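The values are calculated or read from the model by the stated rules, or taken from the named source; none is laboratory data. What you are looking at is a predicted structure, and each value in this text was computed from that prediction instead of being measured. When we count neighbours, we look across all protein chains shown, and the Cβ atoms used for this are built from the backbone with ideal geometry, even at glycine.
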Amino acid sequence: MNRKLDEICSAPTPALPLTDAGSIVVGNALRVDWSEVCPREKEAEIYVVGNPPYLGSSMQTPEQKSDLRAVFTPYKVNYKNLDYVAGWFLKAAEYGERSGAESAFVATNSIAQGEQVALLWPAVFDHGSQVLFAHEAFKWRNNAAKNAAVICVIVAISPRSNINRRVISHDSSRQVRNIGPYLIEMDTVWVGRSSLNLSGLPRMEKGNMASDGGGLILTPDEAREMRDRNPDSSKFIKRYYGSKDYLQSKERYCLWIEDADFDEALSIPLIAERVAASRAFRLQAKAPTTRAKADTAHRFIQIQDYGKPAIIVPRVSSENRLYLPCGFLSETVIINDAALAIYDPPTWLLSVLSTRIHAVWLATVGGRLKSDYRYSNTLVYNNFPMPSLSHEQKVNLEEHALGIVRTREPYVADGKTLGWLYNPKTMPDDLLQAHRNLDDYLETIYIGRQFKDDTERLEHLFKLYARMTKKAAKAA
(Lines give C-alpha, C1' and ligand atoms only; values in the text may rest on other atoms or scores of the structure.)
Protein backbone atom coordinates (compact mmCIF):
# COMPACT_ATOMS: atom_id res chain seq x y z
CA MET A 1 0.00 0.00 0.00
CA ASN A 2 2.93 2.33 0.66
CA ARG A 3 4.17 1.69 -2.89
CA LYS A 4 0.72 2.43 -4.29
CA LEU A 5 0.63 5.65 -2.28
CA ASP A 6 4.04 6.60 -3.68
CA GLU A 7 2.66 6.16 -7.20
CA ILE A 8 -0.19 8.56 -6.43
CA CYS A 9 1.83 11.18 -4.55
CA SER A 10 4.30 13.27 -6.51
CA ALA A 11 6.68 13.60 -3.56
CA PRO A 12 6.73 10.40 -1.51
CA THR A 13 7.77 10.81 2.10
CA PRO A 14 10.08 8.22 3.70
CA ALA A 15 8.33 6.17 6.37
CA LEU A 16 11.43 6.23 8.57
CA PRO A 17 12.69 7.90 10.63
CA LEU A 18 9.43 8.84 12.35
CA THR A 19 8.70 12.55 12.38
CA ASP A 20 6.10 14.89 13.83
CA ALA A 21 3.02 14.05 11.75
CA GLY A 22 0.64 16.67 13.06
CA SER A 23 -2.05 16.50 15.70
CA ILE A 24 -2.93 13.22 17.34
CA VAL A 25 -5.78 13.33 19.83
CA VAL A 26 -6.06 10.50 22.31
CA GLY A 27 -9.65 9.93 23.37
CA ASN A 28 -12.93 8.12 22.87
CA ALA A 29 -14.18 8.87 19.36
CA LEU A 30 -17.82 8.55 20.49
CA ARG A 31 -17.33 11.03 23.33
CA VAL A 32 -15.18 13.80 21.86
CA ASP A 33 -16.50 16.62 19.67
CA TRP A 34 -15.17 15.90 16.20
CA SER A 35 -15.38 19.59 15.31
CA GLU A 36 -12.82 20.35 18.02
CA VAL A 37 -10.49 17.60 16.84
CA CYS A 38 -10.75 18.68 13.21
CA PRO A 39 -12.34 22.13 12.91
CA ARG A 40 -13.57 23.18 9.51
CA GLU A 41 -11.27 25.58 7.71
CA LYS A 42 -12.26 27.79 4.81
CA GLU A 43 -12.04 26.00 1.46
CA ALA A 44 -10.82 22.83 3.21
CA GLU A 45 -11.86 19.37 2.09
CA ILE A 46 -12.27 16.96 5.00
CA TYR A 47 -12.42 13.19 4.73
CA VAL A 48 -12.98 10.91 7.71
CA VAL A 49 -11.87 7.32 7.19
CA GLY A 50 -11.51 4.47 9.61
CA ASN A 51 -12.00 0.91 10.76
CA PRO A 52 -13.90 1.32 14.04
CA PRO A 53 -14.53 -1.54 16.51
CA TYR A 54 -17.49 -3.66 15.38
CA LEU A 55 -18.75 -5.34 18.56
CA GLY A 56 -22.27 -6.70 18.31
CA SER A 57 -24.81 -5.68 20.93
CA SER A 58 -24.23 -8.75 23.12
CA MET A 59 -20.43 -8.27 23.13
CA GLN A 60 -20.33 -4.69 24.40
CA THR A 61 -19.09 -3.66 27.85
CA PRO A 62 -21.22 -1.42 30.08
CA GLU A 63 -18.93 1.47 29.14
CA GLN A 64 -19.49 0.85 25.43
CA LYS A 65 -23.25 0.65 25.96
CA SER A 66 -22.94 3.99 27.70
CA ASP A 67 -21.08 5.39 24.68
CA LEU A 68 -23.92 4.39 22.35
CA ARG A 69 -26.49 5.76 24.78
CA ALA A 70 -24.72 9.14 24.68
CA VAL A 71 -24.71 9.16 20.86
CA PHE A 72 -28.22 7.87 20.13
CA THR A 73 -30.44 8.93 23.05
CA PRO A 74 -30.87 12.52 21.75
CA TYR A 75 -32.52 10.98 18.68
CA LYS A 76 -34.71 8.56 20.68
CA VAL A 77 -33.08 5.57 18.99
CA ASN A 78 -33.10 2.14 20.66
CA TYR A 79 -29.30 1.84 20.74
CA LYS A 80 -29.26 -1.42 22.74
CA ASN A 81 -29.59 -3.60 19.64
CA LEU A 82 -27.03 -1.70 17.55
CA ASP A 83 -23.48 -2.74 16.77
CA TYR A 84 -20.84 -0.51 18.36
CA VAL A 85 -19.67 0.62 14.91
CA ALA A 86 -23.08 2.26 14.34
CA GLY A 87 -22.04 5.11 16.63
CA TRP A 88 -19.37 6.22 14.16
CA PHE A 89 -21.90 6.61 11.36
CA LEU A 90 -24.17 8.88 13.38
CA LYS A 91 -21.20 10.92 14.69
CA ALA A 92 -19.95 11.25 11.10
CA ALA A 93 -23.39 12.39 9.91
CA GLU A 94 -23.50 15.04 12.65
CA TYR A 95 -19.99 16.20 11.79
CA GLY A 96 -20.67 16.17 8.04
CA GLU A 97 -23.74 18.35 8.51
CA ARG A 98 -21.58 21.00 10.20
CA SER A 99 -18.38 20.67 8.20
CA GLY A 100 -19.31 19.24 4.81
CA ALA A 101 -16.98 16.29 5.50
CA GLU A 102 -17.39 12.97 3.77
CA SER A 103 -16.78 9.81 5.79
CA ALA A 104 -16.11 6.16 5.01
CA PHE A 105 -15.85 3.23 7.40
CA VAL A 106 -15.27 -0.49 7.31
CA ALA A 107 -18.20 -1.98 9.23
CA THR A 108 -20.01 -5.24 9.83
CA ASN A 109 -22.66 -5.88 7.20
CA SER A 110 -25.22 -6.16 10.02
CA ILE A 111 -25.66 -2.37 9.89
CA ALA A 112 -27.35 -2.94 6.53
CA GLN A 113 -29.48 -5.91 7.60
CA GLY A 114 -32.31 -6.75 9.92
CA GLU A 115 -33.65 -4.41 12.57
CA GLN A 116 -30.45 -2.33 12.72
CA VAL A 117 -31.34 -0.69 9.40
CA ALA A 118 -34.49 0.93 10.79
CA LEU A 119 -32.65 1.94 13.97
CA LEU A 120 -29.52 3.51 12.48
CA TRP A 121 -30.16 4.90 9.03
CA PRO A 122 -33.17 7.20 9.59
CA ALA A 123 -31.05 9.12 12.12
CA VAL A 124 -28.14 9.31 9.66
CA PHE A 125 -30.37 10.49 6.80
CA ASP A 126 -32.04 13.07 9.05
CA HIS A 127 -28.68 14.87 9.19
CA GLY A 128 -28.73 15.27 5.42
CA SER A 129 -26.24 12.50 4.72
CA GLN A 130 -26.59 10.14 1.79
CA VAL A 131 -24.69 7.00 0.88
CA LEU A 132 -21.83 7.99 -1.41
CA PHE A 133 -20.52 4.51 -2.13
CA ALA A 134 -20.96 1.01 -0.79
CA HIS A 135 -18.67 -1.95 -1.25
CA GLU A 136 -20.46 -5.31 -1.32
CA ALA A 137 -20.10 -7.61 1.68
CA PHE A 138 -16.89 -9.60 2.03
CA LYS A 139 -15.44 -11.93 4.64
CA TRP A 140 -12.82 -10.25 6.82
CA ARG A 141 -9.34 -11.58 6.23
CA ASN A 142 -6.00 -10.42 7.55
CA ASN A 143 -2.67 -11.85 8.65
CA ALA A 144 -3.61 -12.08 12.30
CA ALA A 145 -3.32 -15.43 14.06
CA LYS A 146 -7.05 -15.32 14.80
CA ASN A 147 -9.21 -13.84 12.07
CA ALA A 148 -12.42 -12.21 13.20
CA ALA A 149 -15.48 -14.22 12.12
CA VAL A 150 -17.27 -11.29 10.55
CA ILE A 151 -18.60 -10.21 7.17
CA CYS A 152 -17.79 -6.60 6.34
CA VAL A 153 -18.90 -3.76 4.11
CA ILE A 154 -17.27 -0.43 3.34
CA VAL A 155 -19.70 2.47 3.36
CA ALA A 156 -19.19 6.17 2.66
CA ILE A 157 -21.67 8.90 3.55
CA SER A 158 -21.75 12.45 2.24
CA PRO A 159 -23.76 15.58 3.10
CA ARG A 160 -23.74 16.63 -0.56
CA SER A 161 -26.83 15.94 -2.67
CA ASN A 162 -25.18 16.23 -6.08
CA ILE A 163 -22.90 13.25 -5.63
CA ASN A 164 -22.07 10.40 -7.96
CA ARG A 165 -23.09 7.29 -6.11
CA ARG A 166 -21.35 4.00 -6.75
CA VAL A 167 -21.93 0.38 -5.79
CA ILE A 168 -18.60 -1.48 -5.72
CA SER A 169 -17.86 -5.19 -5.88
CA HIS A 170 -14.57 -7.06 -5.81
CA ASP A 171 -14.17 -6.69 -9.58
CA SER A 172 -16.42 -3.84 -10.70
CA SER A 173 -17.87 -0.46 -9.86
CA ARG A 174 -21.07 0.99 -11.26
CA GLN A 175 -22.72 4.36 -10.93
CA VAL A 176 -26.29 4.25 -9.61
CA ARG A 177 -29.18 6.63 -9.12
CA ASN A 178 -29.43 6.16 -5.36
CA ILE A 179 -28.10 3.81 -2.68
CA GLY A 180 -30.54 2.84 0.04
CA PRO A 181 -29.82 1.70 3.58
CA TYR A 182 -29.49 -1.92 2.41
CA LEU A 183 -26.54 -0.75 0.30
CA ILE A 184 -28.06 -1.56 -3.09
CA GLU A 185 -29.57 0.66 -5.76
CA MET A 186 -33.01 1.48 -4.39
CA ASP A 187 -35.10 4.29 -2.97
CA THR A 188 -34.39 5.39 0.58
CA VAL A 189 -36.80 3.10 2.42
CA TRP A 190 -36.27 0.75 5.34
CA VAL A 191 -38.18 -2.15 6.81
CA GLY A 192 -39.17 -2.16 10.48
CA ARG A 193 -40.88 -4.80 12.57
CA SER A 194 -44.61 -5.19 11.99
CA SER A 195 -47.26 -7.21 13.81
CA LEU A 196 -49.50 -7.12 10.71
CA ASN A 197 -48.80 -8.93 7.47
CA LEU A 198 -48.39 -6.47 4.61
CA SER A 199 -49.59 -8.96 1.96
CA GLY A 200 -52.43 -10.49 3.96
CA LEU A 201 -50.67 -13.84 4.35
CA PRO A 202 -51.70 -16.20 7.19
CA ARG A 203 -50.21 -15.58 10.62
CA MET A 204 -46.71 -16.89 11.37
CA GLU A 205 -45.64 -17.20 15.00
CA LYS A 206 -42.85 -18.56 17.14
CA GLY A 207 -43.09 -22.12 18.37
CA ASN A 208 -43.81 -23.13 21.96
CA MET A 209 -41.26 -22.36 24.70
CA ALA A 210 -40.59 -24.96 27.39
CA SER A 211 -38.32 -23.15 29.93
CA ASP A 212 -38.24 -26.41 31.90
CA GLY A 213 -34.55 -27.12 32.39
CA GLY A 214 -35.00 -30.16 30.14
CA GLY A 215 -37.52 -31.85 32.41
CA LEU A 216 -40.22 -32.04 29.74
CA ILE A 217 -37.88 -32.94 26.85
CA LEU A 218 -37.04 -36.56 26.04
CA THR A 219 -34.38 -38.29 23.98
CA PRO A 220 -35.53 -41.24 21.84
CA ASP A 221 -34.15 -43.66 24.45
CA GLU A 222 -35.93 -41.86 27.29
CA ALA A 223 -39.21 -41.84 25.37
CA ARG A 224 -38.83 -45.55 24.58
CA GLU A 225 -38.08 -46.43 28.20
CA MET A 226 -41.08 -44.44 29.41
CA ARG A 227 -43.40 -46.23 27.00
CA ASP A 228 -41.94 -49.64 27.82
CA ARG A 229 -42.33 -49.17 31.56
CA ASN A 230 -45.80 -47.69 31.29
CA PRO A 231 -47.64 -47.93 27.93
CA ASP A 232 -50.21 -45.39 29.16
CA SER A 233 -47.50 -42.71 28.96
CA SER A 234 -47.69 -42.79 25.14
CA LYS A 235 -50.68 -40.47 25.39
CA PHE A 236 -48.43 -37.72 26.74
CA ILE A 237 -45.37 -38.14 24.48
CA LYS A 238 -45.19 -36.13 21.26
CA ARG A 239 -42.53 -35.64 18.59
CA TYR A 240 -40.71 -32.35 19.19
CA TYR A 241 -39.23 -30.11 16.48
CA GLY A 242 -36.99 -27.07 16.41
CA SER A 243 -34.90 -25.78 13.50
CA LYS A 244 -32.00 -28.21 14.02
CA ASP A 245 -34.34 -31.16 14.61
CA TYR A 246 -36.08 -30.43 11.32
CA LEU A 247 -33.01 -29.68 9.20
CA GLN A 248 -30.76 -32.42 10.58
CA SER A 249 -33.42 -35.09 11.23
CA LYS A 250 -32.73 -35.05 14.97
CA GLU A 251 -35.22 -37.18 16.85
CA ARG A 252 -36.58 -35.67 20.07
CA TYR A 253 -39.78 -35.89 22.05
CA CYS A 254 -41.57 -33.88 24.71
CA LEU A 255 -44.17 -34.41 27.39
CA TRP A 256 -47.39 -32.65 26.47
CA ILE A 257 -49.91 -32.73 29.30
CA GLU A 258 -53.26 -30.96 29.14
CA ASP A 259 -54.54 -29.51 32.41
CA ALA A 260 -57.49 -31.90 32.33
CA ASP A 261 -55.05 -34.85 32.22
CA PHE A 262 -52.79 -33.62 35.02
CA ASP A 263 -53.74 -36.24 37.65
CA GLU A 264 -53.59 -39.09 35.16
CA ALA A 265 -50.14 -38.01 33.94
CA LEU A 266 -48.68 -37.65 37.44
CA SER A 267 -49.85 -41.15 38.35
CA ILE A 268 -47.03 -42.34 36.08
CA PRO A 269 -43.82 -42.19 38.22
CA LEU A 270 -41.38 -41.28 35.40
CA ILE A 271 -43.61 -38.41 34.31
CA ALA A 272 -44.05 -37.21 37.91
CA GLU A 273 -40.25 -37.13 38.30
CA ARG A 274 -39.84 -35.01 35.20
CA VAL A 275 -42.58 -32.57 36.16
CA ALA A 276 -40.92 -32.21 39.57
CA ALA A 277 -37.60 -31.44 37.84
CA SER A 278 -39.31 -28.82 35.70
CA ARG A 279 -40.87 -27.24 38.79
CA ALA A 280 -37.53 -27.14 40.63
CA PHE A 281 -35.87 -25.46 37.66
CA ARG A 282 -38.51 -22.76 37.42
CA LEU A 283 -38.44 -22.03 41.15
CA GLN A 284 -34.71 -21.28 40.87
CA ALA A 285 -34.99 -19.16 37.72
CA LYS A 286 -33.90 -15.52 37.78
CA ALA A 287 -36.86 -14.29 35.71
CA PRO A 288 -39.99 -13.65 37.81
CA THR A 289 -42.19 -14.70 34.88
CA THR A 290 -40.49 -18.12 34.86
CA ARG A 291 -40.79 -18.57 38.63
CA ALA A 292 -44.48 -17.72 38.40
CA LYS A 293 -44.99 -20.75 36.15
CA ALA A 294 -43.59 -23.24 38.68
CA ASP A 295 -47.10 -24.29 39.76
CA THR A 296 -47.88 -25.32 36.16
CA ALA A 297 -44.58 -27.11 35.58
CA HIS A 298 -46.35 -29.82 33.53
CA ARG A 299 -46.98 -27.27 30.76
CA PHE A 300 -44.69 -25.27 28.51
CA ILE A 301 -44.19 -21.73 29.76
CA GLN A 302 -45.36 -20.17 26.48
CA ILE A 303 -47.87 -22.00 24.29
CA GLN A 304 -48.61 -20.40 20.93
CA ASP A 305 -50.54 -23.11 19.10
CA TYR A 306 -50.57 -26.88 18.48
CA GLY A 307 -52.77 -29.75 17.43
CA LYS A 308 -53.03 -28.52 13.82
CA PRO A 309 -51.12 -29.21 10.60
CA ALA A 310 -48.37 -26.63 10.19
CA ILE A 311 -45.61 -25.27 7.99
CA ILE A 312 -42.35 -25.18 9.93
CA VAL A 313 -39.86 -22.40 9.12
CA PRO A 314 -36.33 -22.60 10.58
CA ARG A 315 -35.34 -19.49 12.54
CA VAL A 316 -31.68 -19.97 11.55
CA SER A 317 -30.53 -21.20 8.15
CA SER A 318 -27.13 -21.38 6.44
CA GLU A 319 -26.11 -18.43 4.28
CA ASN A 320 -24.97 -20.89 1.60
CA ARG A 321 -28.44 -22.18 0.78
CA LEU A 322 -30.18 -20.91 -2.34
CA TYR A 323 -33.57 -21.65 -0.80
CA LEU A 324 -35.05 -21.72 2.69
CA PRO A 325 -35.91 -25.34 3.63
CA CYS A 326 -39.52 -25.32 4.87
CA GLY A 327 -42.07 -28.09 5.04
CA PHE A 328 -45.28 -29.54 6.38
CA LEU A 329 -45.63 -31.18 9.80
CA SER A 330 -48.64 -33.09 11.08
CA GLU A 331 -50.98 -32.04 13.86
CA THR A 332 -49.41 -34.61 16.20
CA VAL A 333 -46.07 -32.80 16.66
CA ILE A 334 -45.01 -29.90 18.86
CA ILE A 335 -42.96 -27.11 17.27
CA ASN A 336 -40.67 -25.34 19.72
CA ASP A 337 -39.50 -21.73 19.87
CA ALA A 338 -36.31 -22.48 17.92
CA ALA A 339 -38.54 -22.50 14.85
CA LEU A 340 -41.50 -20.58 13.46
CA ALA A 341 -44.83 -22.02 12.42
CA ILE A 342 -47.90 -21.29 10.32
CA TYR A 343 -50.82 -23.38 11.58
CA ASP A 344 -53.59 -24.66 9.30
CA PRO A 345 -51.77 -23.19 6.28
CA PRO A 346 -52.94 -23.22 2.68
CA THR A 347 -50.71 -25.57 0.70
CA TRP A 348 -49.73 -22.87 -1.83
CA LEU A 349 -48.04 -20.84 0.92
CA LEU A 350 -45.18 -23.35 1.07
CA SER A 351 -44.36 -22.36 -2.50
CA VAL A 352 -44.05 -18.68 -1.59
CA LEU A 353 -41.64 -19.49 1.24
CA SER A 354 -39.61 -21.85 -0.98
CA THR A 355 -38.68 -19.38 -3.74
CA ARG A 356 -35.43 -17.62 -4.52
CA ILE A 357 -37.12 -14.21 -4.29
CA HIS A 358 -38.17 -14.97 -0.72
CA ALA A 359 -34.67 -16.21 0.18
CA VAL A 360 -33.15 -13.00 -1.21
CA TRP A 361 -35.58 -10.94 0.88
CA LEU A 362 -34.59 -12.94 3.97
CA ALA A 363 -30.87 -12.44 3.27
CA THR A 364 -31.33 -8.66 3.02
CA VAL A 365 -34.07 -7.78 5.49
CA GLY A 366 -33.49 -10.50 8.09
CA GLY A 367 -30.81 -10.48 10.73
CA ARG A 368 -27.77 -12.73 11.05
CA LEU A 369 -26.49 -15.20 13.60
CA LYS A 370 -22.78 -14.96 12.77
CA SER A 371 -23.05 -15.45 8.99
CA ASP A 372 -26.25 -17.55 9.00
CA TYR A 373 -29.62 -16.09 8.11
CA ARG A 374 -31.95 -15.43 11.03
CA TYR A 375 -35.65 -15.52 10.13
CA SER A 376 -38.10 -13.18 11.86
CA ASN A 377 -41.85 -13.34 11.50
CA THR A 378 -42.31 -9.64 12.29
CA LEU A 379 -39.40 -8.40 10.18
CA VAL A 380 -39.11 -10.79 7.22
CA TYR A 381 -42.44 -12.56 6.78
CA ASN A 382 -44.86 -9.80 7.72
CA ASN A 383 -43.10 -7.32 5.42
CA PHE A 384 -42.61 -9.61 2.42
CA PRO A 385 -44.36 -7.87 -0.51
CA MET A 386 -46.59 -10.20 -2.51
CA PRO A 387 -48.89 -9.35 -5.41
CA SER A 388 -52.50 -10.47 -5.10
CA LEU A 389 -53.05 -14.04 -6.26
CA SER A 390 -55.97 -15.39 -8.25
CA HIS A 391 -57.57 -18.75 -7.46
CA GLU A 392 -55.88 -20.29 -10.49
CA GLN A 393 -52.48 -18.99 -9.42
CA LYS A 394 -52.92 -20.44 -5.93
CA VAL A 395 -53.85 -23.82 -7.43
CA ASN A 396 -50.71 -23.75 -9.60
CA LEU A 397 -48.53 -22.74 -6.64
CA GLU A 398 -50.05 -25.60 -4.66
CA GLU A 399 -48.94 -28.05 -7.37
CA HIS A 400 -45.41 -26.63 -7.24
CA ALA A 401 -45.35 -27.01 -3.44
CA LEU A 402 -46.49 -30.62 -3.62
CA GLY A 403 -43.98 -31.26 -6.40
CA ILE A 404 -41.11 -30.09 -4.18
CA VAL A 405 -42.33 -32.25 -1.30
CA ARG A 406 -42.67 -35.29 -3.57
CA THR A 407 -39.18 -34.71 -4.97
CA ARG A 408 -37.69 -34.64 -1.47
CA GLU A 409 -39.48 -37.74 -0.16
CA PRO A 410 -37.26 -40.48 -1.70
CA TYR A 411 -34.10 -38.76 -0.45
CA VAL A 412 -35.50 -38.35 3.07
CA ALA A 413 -36.62 -41.99 3.07
CA ASP A 414 -33.03 -42.89 2.14
CA GLY A 415 -31.72 -41.09 5.22
CA LYS A 416 -30.78 -37.75 3.68
CA THR A 417 -31.41 -34.68 5.83
CA LEU A 418 -32.90 -31.43 4.60
CA GLY A 419 -29.59 -29.81 5.51
CA TRP A 420 -27.93 -32.13 2.98
CA LEU A 421 -30.67 -31.66 0.38
CA TYR A 422 -30.31 -27.86 0.47
CA ASN A 423 -26.53 -27.70 0.62
CA PRO A 424 -25.58 -26.25 -2.81
CA LYS A 425 -22.74 -28.80 -3.05
CA THR A 426 -25.04 -31.81 -2.58
CA MET A 427 -28.48 -30.54 -3.66
CA PRO A 428 -29.96 -33.09 -6.11
CA ASP A 429 -30.55 -31.82 -9.64
CA ASP A 430 -34.23 -32.76 -9.65
CA LEU A 431 -34.88 -30.82 -6.42
CA LEU A 432 -32.99 -27.80 -7.74
CA GLN A 433 -35.03 -27.97 -10.96
CA ALA A 434 -38.30 -28.18 -8.99
CA HIS A 435 -37.39 -24.96 -7.18
CA ARG A 436 -36.33 -23.26 -10.41
CA ASN A 437 -39.61 -24.19 -12.06
CA LEU A 438 -41.39 -22.62 -9.08
CA ASP A 439 -39.20 -19.50 -9.37
CA ASP A 440 -40.08 -19.14 -13.03
CA TYR A 441 -43.79 -19.33 -12.30
CA LEU A 442 -43.92 -16.99 -9.29
CA GLU A 443 -41.63 -14.41 -10.86
CA THR A 444 -43.93 -14.31 -13.88
CA ILE A 445 -46.69 -13.31 -11.46
CA TYR A 446 -44.48 -10.49 -10.16
CA ILE A 447 -43.24 -8.95 -13.43
CA GLY A 448 -44.43 -11.13 -16.31
CA ARG A 449 -41.02 -12.79 -16.78
CA GLN A 450 -38.11 -14.21 -14.81
CA PHE A 451 -35.82 -11.77 -12.98
CA LYS A 452 -32.34 -11.37 -14.41
CA ASP A 453 -30.57 -11.76 -11.05
CA ASP A 454 -30.89 -11.27 -7.29
CA THR A 455 -30.20 -7.54 -7.60
CA GLU A 456 -33.23 -7.09 -9.85
CA ARG A 457 -35.28 -9.21 -7.47
CA LEU A 458 -34.40 -6.96 -4.54
CA GLU A 459 -34.90 -3.73 -6.44
CA HIS A 460 -38.38 -4.85 -7.47
CA LEU A 461 -39.27 -6.04 -3.97
CA PHE A 462 -38.32 -2.73 -2.38
CA LYS A 463 -40.29 -0.77 -4.99
CA LEU A 464 -43.31 -2.97 -4.33
CA TYR A 465 -42.79 -2.68 -0.57
CA ALA A 466 -42.71 1.14 -0.82
CA ARG A 467 -45.95 1.20 -2.85
CA MET A 468 -47.75 -1.23 -0.56
CA THR A 469 -46.73 0.54 2.66
CA LYS A 470 -47.83 3.91 1.27
CA LYS A 471 -51.17 2.39 0.29
CA ALA A 472 -51.56 0.82 3.73
CA ALA A 473 -50.70 4.13 5.43
CA LYS A 474 -53.34 5.98 3.40
CA ALA A 475 -55.95 3.33 4.19
CA ALA A 476 -55.20 3.67 7.90
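Quick notes on this structure:
- Flag for GLY242 being surrounded by fewer than 22 Cβ atoms within 10 Å (Cβ to Cβ), more than 21 Å from the chain's Cα centre (by Cα) and within 30 Å of LEU324 (Cβ to Cβ): no
- Here is the figure for region 143-161: residues that are at pLDDT below 80 and either more than 27 Å from the chain's Cα centre (by Cα) or not assigned by TED's automatic domain parsing to the domain that holds PHE133 (or both) total 3.
- The set of residues in region 404-429 being under 19 Å from SER351 (Cβ atoms) and either surrounded by fewer than 15 Cβ atoms within 10 Å (Cβ to Cβ) or not assigned by TED's automatic domain parsing to the domain that holds TRP348 (or both) consists of ARG406, GLU409.
- The lone criterion from (1) farther than 30 Å from TRP348 by Cβ; (2) modelled with pLDDT of 95 or more left unmet by ASN208 is number (1).
- Condition broken by GLU264, with the remaining ones in (1) touching a strand residue (DSSP E or B) at 6+ places or on another chain (Cβ under 9 Å); (2) over 17 Å from ASP212 (Cβ atoms); (3) assigned to a helix (DSSP H, G or I) satisfied: (1)
- Looking only at residues in region 248-302 that are among the β-branched types (Val, Ile, Thr) and surrounded by 13 or more Cβ atoms within 10 Å (Cβ to Cβ), the one that is farthest from LEU324 (Cα to Cα) is ILE268.
- Of the residues in region 383-393, at least one is crowded, with 16+ Cβ neighbours inside 10 Å and assigned to a helix (DSSP H, G or I).
- Out of LEU90, LEU68, LEU119, sole residue that is touching a His at 6+ places or on another chain (Cβ under 9 Å), at negative phi and free of Cβ contacts under 8 Å to residues at least 60 places away in the same chain: LEU90
- Region 77-116, subset β-branched (Val, Ile, Thr) and modelled with pLDDT under 95, residue nearest to SER158 (Cα to Cα): ILE111
- Unique match (being of a type in the set (Phe, Trp, Tyr), more than 28 Å from SER330 (Cβ to Cβ) and out of contact with any Lys or Arg (no Cβ under 6 Å at 6 or more places or on another chain)) among PHE281, PHE300: PHE281
- 2 or more residues touching a residue at least 12 places away in the same chain (Cβ under 8 Å): qualifying strands (runs of 3 or more DSSP E) within region 146-239: 151-158, 165-168
- Per the listing GLY180, GLY214, GLY192, the residue uniquely in contact with a helix residue (DSSP H, G or I) (Cβ under 8 Å, 6 or more places away or on another chain), under 24 Å from TYR84 (Cα atoms) and loosely packed, with under 15 Cβ neighbours inside 10 Å is GLY192.
- Lone unmet requirement of (1) without any contact (Cβ under 8 Å) to a residue 60 or more places away in the chain; (2) surrounded by 14 or more Cβ atoms within 10 Å (Cβ to Cβ); (3) assigned to a helix (DSSP H, G or I) for GLU443: (1)
- Criterion (within 32 Å of the chain's Cα centre (by Cα) and at pLDDT 95 or above) met by exactly one of GLU251, GLU319, GLU273: GLU251
- Any hit, region 387-410, residues being out of contact with any Leu (no Cβ under 7 Å at 6 or more places or on another chain) and within 30 Å of VAL150 (Cβ to Cβ): no
- Scope region 303-315; condition surrounded by 18 or more Cβ atoms within 10 Å (Cβ to Cβ) and not aromatic (Phe, Trp, Tyr); matching residues: ALA310, ILE311, ILE312, VAL313, PRO314, ARG315
- Taking the criterion of being within 17 Å of LYS91 (Cβ to Cβ) and either over 24 Å from the mean Cα position of the chain (by Cα) or modelled with pLDDT under 95 (or both), the residues of region 61-75 that qualify are GLU63, SER66, ASP67, ALA70, VAL71, THR73, PRO74, TYR75.
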